[in-house]
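Colleague: Sharing a structure below in structure tokens format, with a few things to ask.
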Amino acid sequence: MTHQHRGGLWSKMISLAAAVALAGAAETENVPALRDVFKDKFDIGVAAEVLPGNYQPEELALLCRHFGVVTPENDLKLHHVQPREGAFRFERPDAFVAFAEAHHLKIVGHNLFWMRDNETPAWFFKDGDQPASRDLVLKRMREHARAVAGRYRGRIACWDVANEALSDGGEFLRPSKWQSLAGDDVVEQAFRFAHEADPQAKLIYNDYSIESPEKRPKLLRLLREFKARGAPIHVVGIQGHWELDAIPFADIEKTIEAVSQLGVKVAITELDLGVVRRGEAWMDAGKQREALKKPDLYAAGCPPDVLQRQAEQYARLFQLLLKHAGAVERVTFWGLHDGRSWLNDWPWKRTDHGLIFDRRFQPKPAFFAIAAETSCSKP
Ligand code: 9MR
């Protein structure tokens with residue numbers, strides 16, 4: 001890839017990057033850099049669309065200081081990259097990759113195939129005005145993997161290949177056009193196409209609630225089937241959108257142990273710890289949002305006792321992850337700071353405080369509690 005191909009965004013990015021190195025340092029230099037604190041244990045990552053104009057220099061300074069891995073929150077999703085068949089849009093992902101490389105950040109590609117119908121452009125499943133055949137859907141998957149993972153071969157080190165394919169209900173796979181049109185081996189096919197497009201890339205299966213007693217057996221079945229059929233998979237991504245007072249510690253531990261017994265690593269890929277309860281809205285794509293709507297509890301700020309509880313629970317989670325550091329290869333936070341979090345928008349608008357930096361980019365009690373954990377942990 002030459003500089004010309006990277007386009008105008010890339011050169012703007014570089015000048016912005018120079019400013020970043022200077023700005024914001026004073027804000028953050030008195031606290032330990034999280035990526036260094038955990039460097040002998042696992043990588044620390046963050047989801048952020050680092051593009052010109054998207055982030056202030058202080059935010060970029062914070063990001064580069066604390067995080068060693070970056071995931072684009074949205075720009076690599078299928079409907080952004082290929083909104084119409086064959087009409088690929090790479091300007092933003094190219095600029096993102098250039099920024100990450102310029103700052104020696106590893107990149108997680110998120111995601112190749114989000115296996116929910118409402119997260120997939122309609123054309124993907126159509127053949128004219130008819131439903132597409134299995135062969136056509138598989139052909140499109142293969143071409144998408146080749147175009148996207150192939151373009152960044154050797155540059156995007158790992159890919160969330162299939163996202164959220166397992167069912168929340170009684171079925172094995174989520175009922176969807178992915179499954180009904182492409183067939184029950186659609187997840188395996190996704191991984192084969194990703195591997196073909198970039199044989200060196202680390203391939204991740206990424207999902208939420210897979211630590212739960214309901215979904216864990218499906219995850220393990222998926223991994224066993226992959227093993228039996230010689231399909232490539234390297235990492236299970238437990239998303240980790242947990243809630244205050246409700247982190248399922250025992251289930252997380254059981255899942256890490258079971259997955260690593262199958263020779264597959266674990267990453268926590270989308271961590272946050274929302275302080276406003278979402279209830280079951282997560283499970284049914286927000287259908288209950290009206291029933292769950294409450295006044296914006298913490299609009300004026302998060303009370304100190306809540307911040308303290310959050311710190312304790314984050315610390316306990318990191319204790320657990322450190323205990324299994326041999327099996328866990330990365331922990332990625334889903335957003336740089338509380339002002340940059342999907343938790344403020346979904347399933348209803350509110351002021352949430354789920355991350356470890358606040359809206360003024362300052363470390364919260366949770367940051368210090370986590371940073372203190374490595375010094376307490378045994379090797
Ligand atoms: O944080 C993302 C938000 O900005 C998007 O609007 C949303 C829909 O594309 O996706 C959010 O990220 C999701 C991730 O891609 C997959 N796991 C659940 C995340 C939170 O919804």
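The values are calculated or read from the model by the stated rules, or taken from the named source; none is laboratory data. Every value quoted in this text rests on a predicted model; they were computed, and no experiment measured them. As a convention, Cβ positions derive from the backbone with ideal geometry for all residues, glycine included, and neighbour counts pool all protein chains shown.
Colleague: Tally the residues that are more than 12 Å from the chain's Cα centre (by Cα) and either of a type in the set (S, T, N, Q) or not in a strand (DSSP E or B) (or both), restricting the search to region 35-48.
Modeller: Adding up the residues that qualify gives 8.
Colleague: Here are some residues: LEU34, LEU62. Which one is in contact with a strand residue (DSSP E or B) (Cβ under 6 Å, 6 or more places away or on another chain) and away from the ligand (no atom under 16 Å from the Cβ)?
Modeller: Numbers: LEU62 fails: in contact with a strand residue (DSSP E or B) (Cβ under 6 Å, 6 or more places away or on another chain).
LEU34 is the lone residue from the list that is in contact with a strand residue (DSSP E or B) (Cβ under 6 Å, 6 or more places away or on another chain) and away from the ligand (no atom under 16 Å from the Cβ).
Colleague: Has region 236-259 got any residue that is in contact with a His (Cβ under 9 Å, 6 or more places away or on another chain), at pLDDT 95 or above and loosely packed, with under 14 Cβ neighbours inside 10 Å?
Modeller: yes
Colleague: Please go through region 63-74 and give me each residue that is in contact with an Asp or Glu (Cβ under 6 Å, 6 or more places away or on another chain) and free of Cβ contacts under 8 Å to residues at least 60 places away in the same chain, ordered by number. Even if it seems obvious, please write down each step before you answer.
Modeller: So in region 63-74, the residues in contact with an Asp or Glu (Cβ under 6 Å, 6 or more places away or on another chain) come out as 68-69, 72-73.
Scanning region 63-74 gives GLY68, PRO72.
Colleague: From the list LYS227, LYS215, LYS202, exactly one residue is over 20 Å from the mean Cα position of the chain (by Cα) and either modelled with pLDDT of 95 or more or crowded, with 20+ Cβ neighbours inside 10 Å (or both). Which is it?
Modeller: On the way: LYS215 fails: over 20 Å from the mean Cα position of the chain (by Cα); LYS202 fails: over 20 Å from the mean Cα position of the chain (by Cα).
One residue alone meets the criteria, LYS227.
Colleague: Another question, if that's okay. Of the residues that make up region 250-260, is at least one touching a strand residue (DSSP E or B) at 6+ places or on another chain (Cβ under 7 Å) and assigned to a strand (DSSP E or B)?
Modeller: The answer is no; no qualifying residue exists.
Colleague: Look through region 207-225, keep the residues that are out of contact with any helix residue (DSSP H, G or I) (no Cβ under 8 Å at 6 or more places or on another chain) and either of a type in the set (Phe, Trp, Tyr) or outside any loop (DSSP other than H, G, I, E, B) (or both), and return whichever of them is nearest to the ligand (Cβ to nearest atom).
Modeller: That would be LYS218.
Colleague: Can you tell me which condition ASP272 does not meet? The list is (1) within 13 Å of the ligand (Cβ to nearest atom); (2) modelled with pLDDT of 95 or more; (3) over 18 Å from ILE210 (Cα atoms), and all the others hold.
Modeller: Tallying (1) within 13 Å of the ligand (Cβ to nearest atom); (2) modelled with pLDDT of 95 or more; (3) over 18 Å from ILE210 (Cα atoms), ASP272 fails exactly one: (3).
Colleague: Separate question: Out of all the residues in region 136-176, which are away from the ligand (no atom under 16 Å from the Cβ), among the charged types (D, E, K, R) and either assigned to a loop (DSSP other than H, G, I, E, B) or farther than 13 Å from LEU78 by Cβ (or both)?
Modeller: Result: LYS139, ARG142, ARG146, ARG151, ARG153, ARG155, GLU171.
Colleague: Still on this structure, please answer the following. Looking at region 70-77, is at least one residue outside any loop (DSSP other than H, G, I, E, B) and under 15 Å from VAL331 (Cβ atoms)? Before the answer, list the steps.
Modeller: First pass over region 70-77, keeping only residues outside any loop (DSSP other than H, G, I, E, B): 70-71.
Pick out the ones that are also under 15 Å from VAL331 (Cβ atoms) and you get 70-71.
Scanning region 70-77 turns up at least one residue that is outside any loop (DSSP other than H, G, I, E, B) and under 15 Å from VAL331 (Cβ atoms).
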